[in-house]
Amino acid sequence: MAPSKKPKRKSSDPQLPSRFSMVRSFQPADFVTLGNGVCGCLSLMFAMKALLTQSTDFLFSSFWCIPFGVMFDFLDGRVARWHGTTSLLGQELDSLADFCSFGLAPAVLGFACGFQKMLDLVVLTYFVCCGLARLARFNATVASLPTDQNGKVKYFEGTPIPTTLVIVGVLAYGVYHGKFWRFANPVFQHEGPFASFSQAFTPDFVWGGEVTVFPGYEFHPLVLMYAVSGTLMISRRIRIPKL
């Protein structure tokens with residue numbers, strides 16, 4: 001006896017969600033938040049493209065994505081209050097977009113600018129983990145934080161993650177003034193098109209040089225701005241009024 005086939009669900013089955021139900025459930029503010037996420041993704045891809053092409057045009061495109069992400073992050077809360085709509089989905093979406101734009105992207109930009117020693121990578125990873133922990137803590141405790149008469153949280157615990165825009169500004173300043181990224185023209189190098197990578201990130205070509213902790217382990221002192229930023233983000237003693 002042939003096994004009976006299970007009946008297929010019809011598209012009109014009331015147990016199935018309607019098509020594109022998640023997208024249709026988005027509030028206007030959620031689309032603005034997605035703009036922040038798009039900026040973070042583009043920043044990451046432009047930074048990788050810059051390393052592949054050795055072009056500062058892509059690197060500056062990556063830098064510019066971050067302030068645009070800050071703009072979207074600023075606007076999504078305003079749009080939500082204008083429409084009087086907030087949701088748990090919007091809160092989670094905001095945190096994920098912030099992590100991409102202000103956690104991962106600045107760390108990758110630091111790597112692209114020359115913070116590539118093993119100890120540099122430890123500091124950059126610490127920075128990313130601090131940003132992740134800070135956003136997770138905010139989502140877990142936001143319901144218990146004091147609010148004003150409009151239901152808006154009065155302060156942030158630790159510095160907000162968009163403050164990493166300061167780090168991106170320092171890197172952009174350094175690249176613009178020739179303190180990072182002194183790639184030689186690969187066209188005129190007999191070693192091949194990628195030979196300039198061995199020259200672009202030598203101690204003399206990374207702002208601030210490098211310090212040897214012990215033989216074989218060096219780091220660039222300027223990378224410590226990531227350590228400071230990450231530590232300030234996870235501090236519970238620092239309370240920043242929310243605008």
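Could you tell me the accessible area of M48 in Å² (1.4 Å probe, neighbours in place), rounded to the nearest ten?
110
Probe radius 1.4 Å, ligands and nucleic acids left out: which of L59, L44 has the largest accessible area, and how do the rest follow? Numbers along the way, then the final one.
Numbers: L59 0, L44 35 Å².
Final ranking, largest accessible area leading: L44, L59.
Roll a 1.4 Å probe over the protein chains and send me the accessible area per residue for the stretch 79-136 in Å². Working shown, then result.
Details: 2550 Å² over 58 residues.
It amounts to 44 Å² per residue over the stretch 79-136.
Arranged from highest to lowest average of other beta-carbon atoms within 10 Å per residue, in what order do the peptides 129-140, 96-107, 213-224, 31-42 appear?
Result, highest mean first: 96-107, 31-42, 129-140, 213-224.
The values are calculated or read from the model by the stated rules, or taken from the named source; none is laboratory data. Note that the structure is a prediction, hence the values are computed from the model and not measured. Cβ sites come from the backbone with ideal geometry, for glycine too, and all protein chains shown count toward neighbours. Only protein heavy atoms, including side chains, enter the accessible area calculation; ligands, DNA and RNA are left aside. Shrake-Rupley method; radii C 1.70, N 1.55, O 1.52, S 1.80 Å.
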